[in-house]
Amino acid sequence: MAPGTSFKPVISDSLASAPEEVKRIIFVSGKLYYELAKAVAAEKGRLGDSIAVVRIEELCPFPSKLIENEIRRFAHATEFVWCQEETMNAGVYTFVQPRLQLLLPAGSHLKYIGRGPLAAPVTGVSNVYKAEQARIVEQAVMGV
């Protein structure tokens, strides 16, 4: 790591300037964050501060306390999403789902947005892959 930097297991959404307005928290790990952040910024005029994108960068040991802090920060959130670009059976969803579910407010459900289960790691056709990626980002941000 570069001098003056440090690893953060959980990175809060610094662009969510009004935490009390956040209705949907999107949890993500890795580079998909940048596509989501770009899409949220592009829709800020329409969506306001209704979405927070929280990065979970350390999976083991699972940073439960830090994630609980984020859920408390966005206390008015009613939608909770795990978003990944990998297929459901290849990414970390099956690992994080039971752990995140335990941290959510009573009666809340963690929604999965990503590629469905596949025997292959990804679609082998570039145009199909790009369309799937765009769908994932749109579903996460627009809630469709």
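Readers should treat all values here as calculations from the given coordinates under stated rules, not as data from a laboratory. Values in this document were obtained by computation on a predicted structure and should not be read as measured data. Cβ: placed from backbone, ideal geometry, glycine included. Neighbour counts: every protein chain shown.
Couplings 3J(HN,Hα) of the range 60-74, computed from phi: 9, x, 5, x, 3, 4, 5, 5, 4, 4, 5, 5, 5, 4, 9 Hz, in residue order, whole Hz [Karplus 6.51 cos²θ - 1.76 cosθ + 1.60, θ = phi - 60°; x for Gly and Pro].
Backbone amide hydrogens, once placed in the peptide plane, bring Glu57 within less than 5 Å of Val10, Ile11, excluding anything fewer than 5 places away on its chain. Note down the net charge around Lys111, summing +1 for each Lys or Arg and -1 for each Asp or Glu among other residues with Cβ under 11 Å from its Cβ. Overall, the nearby charge balance is 0. Rounded to the nearest 20, the Cβ-based charge dipole of the chain about its Cα centre (Lys and Arg +1, Asp and Glu -1) stands at 40 debye. A cut-off under 9 angstrom between Cβ atoms defines the neighbours of His76, and their net charge, with Lys, Arg +1 and Asp, Glu -1, is -1. Tell me the Kirkwood radius of the range 67-144: reciprocal of the mean inverse pair distance over distinct alpha-carbon atoms, in Å. 13.7 Å is the Kirkwood radius here.
Net charge in the neighbourhood of Lys8 (other residues with Cβ under 10 Å of its Cβ; Lys, Arg +1, Asp, Glu -1) is -1.
Scanning residues 5 or more positions from Phe27 or on other chains, those with amide H under 5 Å from its amide H are Val54, Val81, Trp82, Cys83, with H placed 1.01 Å from N in the peptide plane. Among the listed pairs Lys31/Lys130; Lys8/Lys38; Lys65/Lys111; Lys44/Lys65, which are separated by more than 25 Å between their Cα atoms? Distance filter (> 25 Å) returns Lys44/Lys65. With all projection directions averaged, the alpha carbon convex hull of the range 1-62 covers 5.2 nm². Among beta bridges identified by DSSP and lying wholly in the chain, the antiparallel ones come to about 10 percent.
Matching the structure-derived Rg and Dmax of the Cα atoms in Å against the labelled list (i) 54.3, 182; (ii) 21.5, 76; (iii) 15.1, 44 gives the label (iii).
In this Cβ point-charge picture (+1 for Lys and Arg, -1 for Asp and Glu), the range 63-144 has a dipole of about 140 debye about its Cα centre.
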